[in-house]
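Just below is one structure, and these are the notes that go with it.
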Amino acid sequence: MKEINVLNALERKKVGSNSTRKVRQESKVPAIIYGDGKTPEAVSLDVAELRKEIGKSSFLNKIYDIELNKKKVRVIVQGVSQNPVTDVLEHVDFLRVNDNTKVTIEVPVNFINESLSPGIKRGGVLNIVRYSVEVICPVNKIPENFEFDLTGLEIGDSIHISHTKIDDGVETTIKDRDFTVASILAPSALVSSETSEDQDEKEEEEGSEEKSENKEKTEEEQDKK
């Protein structure tokens, strides 16, 4: 198993709006630890330490040990509440887990070797359809990310979930198809140019057909005379 980071927490004796407001004034974040058939525990964590972890892309799919009263509680983040205006961290929910706990979780995707994609070299654009993939797996097998290699991909190529390695015990929640994660699109300038050329060709064809029809009508009129 990967190294597990530790978050230090203090027990909260009181709960409620007044209590949580006081906790935030002390540069701490109120949180709750629940699950595993045990009584929920109200705690608080240092805001600076928590922000450092939240800044990591793996925060929401990572296991932590919360050190509380000289004991460690193994958890995974279930939710983070943040004020949309002030950016203040308001609350965090942690779920107790053990090695047998299965979770449904979003795993971020990562793309490598963009410089080795001929399509991107020619000006193509990596169009990401899914920034994360939802999976079901035991907590000790949560992938850090799903990696996709862009080597050799041309404009028009698609990248599917089957193009990455998925460990045993990890299942995507979408099981009925090899779904698309990303694709290499033509640059807008090239698309506009091709569209313009297609339109010109269509107009030329229509013009030729119209001239041909007019010629036939003229010949018919002359025959009648």
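Where a number appears in this text, it was derived from the coordinates with a stated rule and is not lab data. Just so it is clear, the structure is predicted and the values come from calculations on it, not from any experiment. Because the Cβ atoms are built from the backbone with ideal geometry, glycine has one as well, and the counts that use them run over all protein chains shown.
Pull out the extension gain between Lys70 and Asn5, defined as 0.36 nm times the separation in residues minus the alpha carbon to alpha carbon distance; nm, one decimal.
Separation in residues times 0.36 nm, less the Cα-Cα distance, equals 21.8 nm.
Can you give the alpha-carbon Rg of region 5-98 over 2.2 N^0.38 Å, where N counts its residues?
Dividing the Cα Rg of region 5-98 by 2.2 N^0.38 Å gives 1.01.
Mind listing the long-range amide H neighbours of Glu134? Cut-off is under 5 Å, sequence gap 5 or more, other chains count too, H placed in the peptide plane at 1.01 Å from N.
Distant-sequence amide H within range of Glu134: Val107, Thr173.
Report the trypsin sites (Lys or Arg not before Pro) located in region 1-97 that are in a DSSP loop and have at most 15 other Cβ atoms inside 10 Å of their Cβ, or state none.
Of the trypsin sites (Lys or Arg not before Pro), the ones in loops of region 1-97 whose Cβ has at most 15 other Cβ atoms within 10 Å are Lys2, Lys13, Lys14, Lys56, Lys70.
Once amide H atoms are placed 1.01 Å from N in the peptide plane, what residues at a sequence separation of 5 or more from Thr101, or on another chain, have their amide H within under 5 Å of its amide H?
For Thr101, the qualifying residues are Val139.
Can you list residues from other chains, or at least 5 along the same chain, whose modelled amide H is less than 5 Å from the amide H of Glu154?
When sequence neighbours closer than 5 places are left aside, the close amide H contacts are Gly119.
My understanding is that a pair violates if its Cα-Cα distance is over 20 Å; which of Lys62/Lys141; Lys38/Lys71; Lys56/Lys121; Lys22/Lys72; Lys121/Lys165 do that in this structure?
Over 20 Å Cα-Cα: Lys56/Lys121; Lys22/Lys72; Lys121/Lys165.
What residue among Ala182, Val109, Ser132 has its Cα farthest toward the positive end of the dipole of region 103-186, where the charges are +1 on Lys, Arg and -1 on Asp, Glu, each on the Cβ?
Value computed over the given set: Ala182.
List the trypsin sites (Lys or Arg not before Pro) within region 119-170 that fall in a DSSP loop (any state other than H, G, I, E or B) and whose Cβ has at most 15 other Cβ atoms within 10 Å.
Filter output for region 119-170: Arg122, Lys165.
From the phi angles alone, apply the Karplus equation (6.51, -1.76, 1.60; θ = phi - 60°) to region 158-174 and give each ³J(HN,Hα) in whole Hz, x where the residue is Gly or Pro.
10, 10, 10, 4, 5, 7, 10, 8, 10, 5, 4, x, 10, 10, 6, 6, 8
Taking the Cβ of Ile112 as the centre, find all other residues whose Cβ is under 10 Å away and add up their charges (Lys, Arg: +1; Asp, Glu: -1).
-3
Once R0 is set to 45 Å, what does the formula 1/(1 + (r/R0)^6) return for the Cβ-Cβ distance between Ser19 and Ser162, expressed as a FRET efficiency to the nearest 0.05?
The calculated FRET efficiency here is 0.35.
Using a basic spin-label model with each label point 7 Å from the Cα along Cα→Cβ, how many nm lie between Gln78 and Thr101?
In this crude label model, Gln78 to Thr101 measures out at 0.9 nm.
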